[in-house]
Structures are given as C-alpha cells and as structure tokens.
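Derivation of every value follows stated rules applied to the coordinates shown; laboratory data play no part. Quick caveat: nothing in here was measured; it's all calculated off a predicted structure. Cβ sites come from the backbone with ideal geometry, for glycine too, and all protein chains shown count toward neighbours.
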Amino acid sequence: MISVPYGRDVPRAMVELLEHHARAAGLSLAALEVIGASLDHVESFIVASEDGRGDDFARGLGLLPPLDNVGRARWQAERLFS
C-alpha cells in the first residue's frame, strides 16, 4: 500500500476529503504530497475544489500544467529535464 506523508497538523478527516478531491482532479501522488504537507494548502485546496476551482489551485502551485500549449510544453520539459 502506498502511503503519502501529510503534515502533522492535518487531521485525518481532512486527509480523506483531500484525497477525494485529489482523485477527482486527477492529481499525482507527488502533487498530493505537496498539498498535504501544509494544513493551509489542504484547507485552500478543499475549498477551491468545492467551488470547482481545485485545478486552478493546483495549477497555481505548479502541480498541473498550464492550459495553453506553449506553457504545457515548457512545464513538461521542465519536469523531464530538471
């Protein structure tokens, strides 16, 4: 079983809600780990997701590629070659 380390201040109930929204958004485990490291990020992502803006929140943290083709290509190249 895969385990993601969460911040010590993140309650279990919020972890479950975070994982639910992360699955719905198609986030990677690495993205989940970044968001889950901070209670502030967890709360903000959950609120954004419930408002239909979870992808925008993750994109703002650099966890999802930009929507435009050039930005997406640069994002993918940076992930591959850095």
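Mean silhouette area of the chain, derived from the convex hull of its C-alpha atoms and averaged over all directions, reads 5.9 nm². Restricting the chain to trypsin sites (Lys or Arg not before Pro) that sit in a DSSP loop and have at most 13 other Cβ atoms within 10 Å of their own Cβ leaves R8. Legend: calculated FRET efficiency, R53 to R23, from the Cβ-Cβ distance at R0 = 22 Å, rounded to 0.05, equals 0.85.
In this label model, R8 and A77 are separated by 4.2 nm, measuring between points 7 Å along each Cα→Cβ vector. In percent, rounded to a whole number, the relative contact order of the stretch 12-81 is 24, using alpha-carbon pairs under 8 Å and six or more apart.
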